[in-house]
Structure formats: C-alpha cells, structure tokens
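To start, the structure itself, in structure tokens.
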Amino acid sequence: MELFIQQLLNGLTVGSVYSLVALGLTLVYGILHIPNFAHGALYMMGGYVTLMAMTKLGMPYGIAIVASMAAVGLLGVLMERLVFYPLRNAPPLHDKIAAIGILLFLEAFAQFVWGADYQTMPTPYGDVVTVFGFTLTIQRILIIASAVIIMILLYLFLKKTFIGASIIAMAQNREGANLVGINTNKVAMLTFFLSGSLAALAASLASPINLVFPGMGHLVILKAFVIIILGGMGSIPGAIVGGYILGFSESLGATYVSNDYKDIIAFAILVIILTVKPNGLFAKEGR
Amino acid sequence: MFLHVERLTKRFGGLLAVNDVTFSVEQGKINAIIGPNGAGKSTFFNLISGLHRPTSGTITFKGRDITRLPANERAKLGIARTFQTTHLFEQATVMDNVIIGHRLRTSSNLFDAILRTKRHHREEQACKEKAMEVLDFVGLTHVADRMVANLSQEQKKRAAFALALATDPELVLLDEPAAGINPDETEGLEELIVKMVEGGLTVCLIEHKMSMIMKIADRIMVLNYGEKIAEGTPEEVKNNEAVIQAYLGGSAIA
Amino acid sequence: MAILEKRRLWLAALIAAAILFPLFVANGYYVHMMTISFIWMIAVYGLNLFAGYTGYLSLAHAGFFAIGAYALGILTVKAGWPFWLAFAAACLLTTLIGVFVGLVALRTKEHFFAIYTLCVGYIIYLIIDKWDSLTGGVRGFIGIPAPADIGPLSFQTPVAQYYLVLFFLLVVVWIMHRLVYSLTGRTYIAIRNSEELALTLGISTMKNKLASFVLSVFFTSLAGALYASFIRFLGPDIAYVSVMFDFLTYLLVGGIGTLAGPVVGTLLVTFLSQQLQFLQDYRMLIFGPVLTLLIIFYPHGIAGGIIRLKARRSEARRLQLEATQASAELAAASRQERSERYAKEG
C-alpha cells in the first residue's frame, strides 16, 4: 500500500510536468490549428536557458526560471512571426514540415553550443521531507504546487480577462474574431508566448530530476501530443486531466509492469483510444 | 417522394444550425433555398450531401433512408453538389479536373492501373468521353486545356457544374452558383440551370440573388436561424409576412 | 508531341547513364554511394506516393524502413531462411503491419494522422531498441548476408549489388509512372486537392487512402530490406526520426508530388552532403533551416518548380495563340463586312 501511494505521488509529479507541456501545446493548437512539432524544442531551450542563467549568470533558481519563461516565450513569438504566419494560408502539410525544420535546427543548435552531455541542474530544493510517512523531495512538491498554481492562473486569465476571451473567440472563428476587431496577430503572438513560457517552466521544474540534454524534449513532446489527442486538441481541461492520467499510468506501470517499456504505455493508450474514437476523447462535435 | 427530409436537426455544441426542418424536393423542378446569412443553408446542404451527420431527423432519397449513408455512397445514388468556393484543383487543366468526376461509375483499382488492363483502358476512355460531354453541355469545350487558375470566376463556376454533372446525378445541389459573377453571366448560368432541368435533372439551389430565384425557381423554402419559416411558389413566398420580416423590410426581394 | 519525345529521350539517357556508371567510375566508393542513394530513393518514392500524391504526412515511414531491414536480418541470420524467401517475407510482413496501422490511422483527421504516425514510428524505434534479445538492441545486428544467387547471377560484388538495387529502383519508378497517369493516380490527387470534394464526387476516400498507404509502406520496406542486405549491419537509429527527416528533406528539395522529385532531391542532397563533408558537424544546423525555408518559400522543390515553369510557358503560348487567332478573325470579319458594304453601295 505504501508503495502504491508513493507511486501515486510520483505520478502526480510526472503528471504535473506533462500537463504543463500539454497545456502549451493545446493552446497553440486550439487557437491556430497548428500541431507545433517544435514545441519539444521550446521545452529543451527552456531547460538550457535556466541552466545557463543559473551557472553562467549566477541567478538563483526562481529568478532563472522566470528569465527562462520570458526568453523562451519570446522564442515562441519569433517562431510564430517568422514561420507560422507566412504559412497561414498554405496547406496544413507545410506547417508540420516547417515545425520539424525548426525542431531540427534548435536541437542541433543546443548540441553545438552546449554539447551533447547530460548536464545537472543544481537546485536548492534537493532536501527530502517526510509527509505523512512518505518521502518526497521538496522539488517534487514544488513541481506539483507550481503546476497547480499556474493552471489556476491560466484558467482565470482565459475566463476572466478580455484578452483571454479574445483567445477563446479566435479559437472558435479566426475570421469572425478579426471582423469584430480582435487583433488576431497579437493574440497569435501572445498564445505562442504563453506556450513557450509554459514549456520553459515545465522543463525548468523537471530538469533537476531529469537532467538537461539536447534530446530531452523528444519523449516529453510525444507524450504531450498523446495527451492532447486524448483530451481533445484545444481543450484545456483535457490537457490537464490527460496529463495526470498519463502521469499516474506511467508511474504505476513502471513499478508494477516493467520499467523498460513504461514509455510505451503512453503510445499504447493512444493507439487504443484512437482506434475506438478517431477524434479523441473530449473532442468537440465538429462534424 | 424524391428527396425528403423529416425533422432534420443539426447541433454544433451549443449552436443549433438546422432546427427541425421538414422539406421535400420536387423531382424535375428547380427548388430553391433562401434565407439571410447564417440561416443554416450550407449546413443543410452538407447534411443532404453527407458531409455532416444530423443530430436527429431523417433523410430519404428515392424511397431509401440515407441518413446514415456516407457522402460518397450518396454521390453514387445520384446526389451531386457544388461548393461556394469551387474547390477545383487550380494547378491542373479543366479537363484534368472534370475527368475525375466520372470515377465513381468506374471500378478499376490499383492493379488495373499498374498493369494497364483492358478494363482500365475502357474506363479511362469512358471518363474522358464523359468529361468532353459535360464540358460541351456547360459550354467550356474551348477552355478544356486551360489551367483552372486562369479561368474567370464564371468559367470556374461552370467547370464546377461540369464536374457535378460528370457523376451522372439525378439531383444536383448548387451552393450559391451565382456568387461573385456579374448580371450578364448570371443570366448565362440561369439558362444553364434551366437546361439541366429540361434534360431531366432535379436542381436544388441556394442563392442570394433574388432576381435569379424569382425567375427560375419553381418552389422556394425559406430558412432563418436554422428554421423553416416559409415554403411555396415564388409568388407565395414574396408576399409572406414572416419572410419579409426576416429580410428586414423586404427590400431584398426586388 | 515534341515535348513527349524530349522527355523519353531524357529518361533513356538517364537510365543509360545509370547502367554505364559503374563501368566508367573505377572508384568503388562512388559506386557504394550511388547504391545507397538508390536505396534512399526507393524509400523516398514510398513517402512521395503518400505525402506527395495523397497529401497526408506519415511520420512512421522510417519505422517501416527499419522493420523491413530488421525482418530480413532476423529471418536470415536467426531463423536461417533462404535469402530471397526472407526478402519477400520481410516486405510482406512490413506491408501487413502497414495495413493494420493504416486502418486505424487513416480514420483520423490530418493533424491527428501525423501525430499518430509519429508515435507509431517512435514505438517501433523503442521496441527495436529495447528488445535486444531479438534485435541486438543498441549493440546492433550484424552478419546479414548479401543477396543470394539467382541462377547464374551472383550478387556478392559491389557492382552486382549496384545493378540489383538499380533494377528495383527502376521497377518502383515504372510502377509510380503507371500509377500517376492512371485513374487511380488521379483519384489520389483528387483526395490531396480536397478530401471534401473527393467524397462529394463519390470517391471512397478511406479505401483509396489505405491502398496508397499500403503501397507506400511496401516501397519503404523494400528499401529497408535492400539496405540490410547491402550494409550488412543494422542499428536502432535507422528507425529514429532523423532518418525520417532525411527522407523528407530529399523529397522536398526534389519536389514533393512529382515523379522526378525523389531522384533529383536524393542525388542533390547526398552529393552536397558529400562535398561539404567538412561541414559535417554543422549538418543538422543547416538541414533544419533549409527545410523550413524551403517549405515557406519554395515548397515545390526543383522538379516541381520546373513543371510549373513549363506549364506557365505553355499557358502563355496558348493564350498568345488565341489572341492572335482572335485578332485575325476580327480582322477577317471586318474585311468581310467592308466588302459587303461596298457591294451594297456599289
């Protein structure tokens, strides 16, 4: 029983990271209908920027994370302006290929500048605490807490502010939103900024545990895609719920089934769900 | 009954696009569907041609329930349609575009194609002949080898007609065929539509150009906010209170 | 007519050049490079059939390439099957897997399809990597035999293998050529142009997409099996997405959706990569932006660009012809009218 709850807590931690990444991805897909294959690269850059900010610029962990969120957010905006905006009228095939090109470039860039080694991110939260008899590092608690806070903030932002409402309006009908005076370009840029920031946050929180290396975005991003397909492309609750479901499945699966193949769990779930419901679980009735 | 929809409803999440519509398309006649923008006309066509599944209600064609039938099966039964934006392959010739229209009446497959069987040859010929036939019917034979991108808007519309006709349909759904073309060209399309019906087809069209509707339609259904608010001959509809209200003062029915 | 003859001439010249190549180039290294290029081309034709003609991006094809390769290896080395039986079985097995993947994947819409196939590709990579009792995992799989003799033909030398691969490439190109100009090919293109319109025209999009997908997987598995037998050694990285992106780059540079694209793109990119060996470390740094810039500014690739240029020129010529004809008719008509007037007055 103890092991089980320990794994649940693990799942909560992993799920939080996944949810944050999936949120960024689903925001971009929901508004712009672009599956951003380069999102994994944003995640990776987030980790590296935080690492550099801490080791080269001597910033404390928390500040470094904020800096990273800003920097990678801007990177996201750059991507939108330079690549996705010119392709807005092209067949959807082109968006995907362009994103792949960006992904390749950023990964090669990271490898070139920072080397291919696995690097550790020093964190002040490595201490272990005992909560109700279960051992947790503070880092894990931090991950869970940050994720929940950010999600609440995001929810409030989208539902209660005007800009948030514009994002939702644009998601439903880009042209219509444009016609009623919403600056769709600004909203697109903002969405990409948010997306990048969320990815950077997730990476920065997870790196002390998972290390920093050029390929760190790969698995995470694939799973994020699985999550948003499960939860519905563009659905925020779907991304959150899906992220945690996956987190729990992986934790429990790693312990009780096999650690080697735990990554396949995500994809196995995807295959099963898509076989039965080709449009995802929470998909809105579009057809 | 030729084409009949019974209590047809389509809901998109919270939006009721088509609400409880019951309507019959009369065979051999020109049936029109009109209504203000956003009234649900194109959605209605999508429901009939099979691109959307209805939330509730039934659709019957020639006595057969087609409500659950996929779009390509409906085309095989004889329902053809055009789109508001023509969807033609811009970077190919008119001929290349129209040839594929007769494909549904052929059965050759991958192997026939690779091995160039007699069947493939025969069917390819049939498609080519059909294409020439329909291009002649719509009057586009002289631009058969022109790239679609270089056609005028009216010619593109005619090409879309030709494509629909190449499927050997019995019912043709025309979605705003006269959109974006001038009055002279509109007259040309009117003649074409009448010619189609004289040849034995049934036409159901969505249009905003009231002059066209009043001139050629035999029966009209009026939709507003997804609901049917009137039905009848042009004369009856023109003088219908609810219709005049919907169009804000009746200035549109001129 | 003249254009057709010219094209046949080009084709004949190219094939002749390919056949004569190893006889004139003494350097075995170049023969080896060309053979590998041919193998890539076959795989890229597979990708091209599906992405270029049917319009869907499958990111699983590197995985199918790997399955074809590993299947051949495992069947010959571990199960001891005769070579050509194993070869056929490897292709068939991969194609069968392709059928199942296709059946599920093709029910999803465009974006889902790309993601789903990306995941499938990754699963394949993972399995190859982790199941080391079967595949050798990270250590790799060695000892794959060269193609066995067929009657008097022996394939132990690099030159013989070159011709074997060239043979398969020509078969693939022939099939593609037949397909593209046929009713079936036109059907695929119609689906790529607008799936909605295709459905409305009575085309069974599911059946056609599946057929196109399965054939494309077959081509890719063929390339994989040839690769295994040629390189004689396999590692899990052939299933990794980077191989996928290589294919994509070759296809894009050459021209997606064209017949000549895979050949042109593969040759050009592999040649350039060779010449620019000194930039090897920066390869990926360059590849990425190139891919992105290509798709934004020049999505039709080289072959595609040439085809469009030719089409535009013939259109311009035709319009000019019509214009001169029209003015000639106009002139004739007014002359006629004038002479009639004079006749009446006179």
Exercise for review: Select from the range C:297-325 the residues that are within 14 Å of chain A (Cβ to nearest Cβ) and open to solvent by less than 30 Å² (accessible area, probe 1.4 Å) and write down the one among them that is farthest from the chain's Cα centre (by Cα).
Suggested key: C:Pro299
Point to revise | Residues (part of a strand (DSSP E or B) and under 24 Å from B:Ala144 (Cα atoms)) located in the range B:70-103 | key: B:Ala80, B:Arg81, B:Thr93
**Study point:** Any chance B:Leu173 is part of a helix (DSSP H, G or I), closer than 28 Å to B:Phe23 by Cβ and not basic (Lys, Arg)
**Key:** no
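Yes/no per residue for (1) crowded, with 24+ Cβ neighbours inside 10 Å; (2) in contact with a helix residue (DSSP H, G or I) (Cβ under 7 Å, 6 or more places away or on another chain); (3) touching a residue at least 60 places away in the same chain (Cβ under 8 Å):
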site: A:Gly11; (1), (2), (3): no, yes, yes
site: A:Val14; (1), (2), (3): yes, yes, yes
site: A:Thr26; (1), (2), (3): yes, yes, yes
site: A:Gly46; (1), (2), (3): yes, yes, yes
site: A:Ala53; (1), (2), (3): no, yes, no
site: A:Leu78; (1), (2), (3): no, no, no
site: A:Pro86; (1), (2), (3): no, yes, no
site: A:Pro92; (1), (2), (3): no, yes, no
Exercise for review: Starting from the range B:86-114, keep only residues that are in contact (Cβ under 8 Å) with a residue 40 or more places away in the chain and at positive phi, then list their pairs with residues that are surrounded by fewer than 21 Cβ atoms within 10 Å (Cβ to Cβ) and of a type in the set (Ser, Thr, Tyr) whose Cβ atoms are within a distance under 7 Å, requiring at least 6 positions of separation or different chains.
Suggested key: B:His87/C:Ser194
Check your understanding: Quick check: anything in the range B:140-161 under 13 Å from C:Arg186 (Cβ atoms), within 11 Å of chain C (Cβ to nearest Cβ), in contact (Cβ under 8 Å) with a residue 40 or more places away in the chain and not aromatic (Phe, Trp, Tyr)?
Key -> no
Study note, to complete from the structure: Of the listed residues (A:Glu2, A:Glu80), the one being charged (D, E, K, R) and under 27 Å from C:Met244 (Cα atoms) is A:Glu80
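Report the residue count in the range C:258-279 for those that are out of contact with any His (no Cβ under 7 Å at 6 or more places or on another chain), outside any helix (DSSP H, G or I) and modelled with pLDDT of 85 or more. Quick ask: steps written out before the conclusion?
Here is the first cut: in the range C:258-279, the residues out of contact with any His (no Cβ under 7 Å at 6 or more places or on another chain) are C:258, C:260-279.
Within this subset, residues satisfying the condition of being outside any helix (DSSP H, G or I) are C:258, C:260, C:276.
From the residues that got through so far, the ones that are modelled with pLDDT of 85 or more too are C:258, C:260.
Residues meeting the conditions: 2.
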Exercise for review: Look at A:Leu74 and say whether it is under 20 Å from A:Ala202 (Cα atoms), surrounded by fewer than 22 Cβ atoms within 10 Å (Cβ to Cβ) and touching a Lys or Arg at 6+ places or on another chain (Cβ under 9 Å).
Suggested key: no
Practice item. Would you point out which residue out of C:Ala51, C:Ala90 is closer than 30 Å to C:Lys130 by Cβ, out of contact with any helix residue (DSSP H, G or I) (no Cβ under 6 Å at 6 or more places or on another chain) and among the small types (Gly, Ala, Ser)? Key: C:Ala51
Exercise for review: Within the range B:93-117, work out how many residues are open to solvent by less than 60 Å² (accessible area, probe 1.4 Å) and facing chain C (nearest Cβ under 8 Å).
Suggested key: 11
Practice item. Restrict the check to the range B:6-25 and report whether at least one residue is assigned to a loop (DSSP other than H, G, I, E, B), among the hydrophobic types (A, V, I, L, M, F, W, C) and either within 14 Å of chain C (Cβ to nearest Cβ) or buried (at least 23 other Cβ atoms within 10 Å of the Cβ) (or both). Key: no
Revision key, fill the gap. Flagged in the range B:26-64 as farther than 28 Å from B:Lys209 by Cβ and either hydrophobic (A, V, I, L, M, F, W, C) or within 14 Å of chain A (Cβ to nearest Cβ) (or both), in numbering order, are B:Arg53, B:Pro54, B:Thr55, B:Ser56
Practice item. Can you run down the residue pairs with Cβ atoms below 7 Å, 6 or more apart or on separate chains, where the first is in the range B:182-200 and open to solvent by less than 70 Å² (accessible area, probe 1.4 Å) and the partner is in a helix (DSSP H, G or I) and of a type in the set (Val, Ile, Thr)? Key: B:Glu190/B:Ile216; B:Leu192/B:Val138; B:Ile193/B:Ile216; B:Val194/B:Ile216
Practice item. For residues that are within 12 Å of chain C (Cβ to nearest Cβ) and surrounded by fewer than 22 Cβ atoms within 10 Å (Cβ to Cβ), scanning just the range A:95-114, find the one that is nearest to C:Ile115 (Cα to Cα). Key: A:Phe105
Practice item. Kindly provide the set of residues from the range C:110-150 that are more than 10 Å from chain A (Cβ to nearest Cβ) and in contact with a Ser or Thr (Cβ under 8 Å, 6 or more places away or on another chain), ordered by number. Key: C:Thr117, C:Ile128, C:Phe141, C:Ile144, C:Pro145, C:Ala146, C:Pro147
Check your understanding: Which of (1) among the aliphatic types (A, V, I, L, M); (2) in contact with a helix residue (DSSP H, G or I) (Cβ under 9 Å, 6 or more places away or on another chain); (3) more than 9 Å from chain B (Cβ to nearest Cβ) is the odd one out, the single condition C:Ala190 does not satisfy?
Key -> (3)
Revision key, fill the gap. Condition set free of Cβ contacts under 8 Å to residues at least 40 places away in the same chain and open to solvent by 10 Å² or more (accessible area, probe 1.4 Å), scope the range C:176-194, selection nearest to C:Trp40 (Cα to Cα): answer is C:Arg178
**Study point:** Selection status of C:Tyr282, within 12 Å of chain A (Cβ to nearest Cβ) and in a helix (DSSP H, G or I)
**Key:** yes
Review point. Is at least one residue of the range C:52-74 closer than 24 Å to C:Phe167 by Cα, open to solvent by 20 Å² or more (accessible area, probe 1.4 Å) and either assigned by TED's automatic domain parsing to the domain that holds C:Asn208 or of a type in the set (Phe, Trp, Tyr) (or both)?
Key: yes
Review point. Any residue in the range C:114-132 that is under 25 Å from A:Pro92 (Cβ atoms), out of contact with any strand residue (DSSP E or B) (no Cβ under 7 Å at 6 or more places or on another chain), of a type in the set (Gly, Ala, Ser) and at pLDDT below 85?
Key: yes
Revision key, fill the gap. For the range C:117-171, the count of residues that are surrounded by fewer than 18 Cβ atoms within 10 Å (Cβ to Cβ), over 30 Å from A:Ile229 (Cα atoms) and without any contact (Cβ under 8 Å) to a residue 12 or more places away in the chain equals 13
Exercise for review: Would you check which residues across the range A:233-252 are within 14 Å of chain C (Cβ to nearest Cβ) and more than 15 Å from the chain's Cα centre (by Cα) and list them?
Suggested key: A:Glu250
Check your understanding: How many of the residues making up the range A:55-71 are under 14 Å from A:Ser195 (Cα atoms) and buried (at least 21 other Cβ atoms within 10 Å of the Cβ)?
Key -> 2
Revision key, fill the gap. Exactly one of C:Leu153, C:Leu164 is out of contact with any helix residue (DSSP H, G or I) (no Cβ under 6 Å at 6 or more places or on another chain), over 30 Å from B:Val98 (Cβ atoms), more than 9 Å from chain B (Cβ to nearest Cβ) and at pLDDT 90 or above, and that one is C:Leu164
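The values are calculated or read from the model by the stated rules, or taken from the named source; none is laboratory data. Keep in mind that what you see is a predicted model, and the values were worked out from it rather than measured. Reconstructed Cβ throughout: ideal geometry from the backbone, glycine too, with neighbour counts over all protein chains shown. Only protein heavy atoms, including side chains, enter the accessible area calculation; ligands, DNA and RNA are left aside. Shrake-Rupley method; radii C 1.70, N 1.55, O 1.52, S 1.80 Å.
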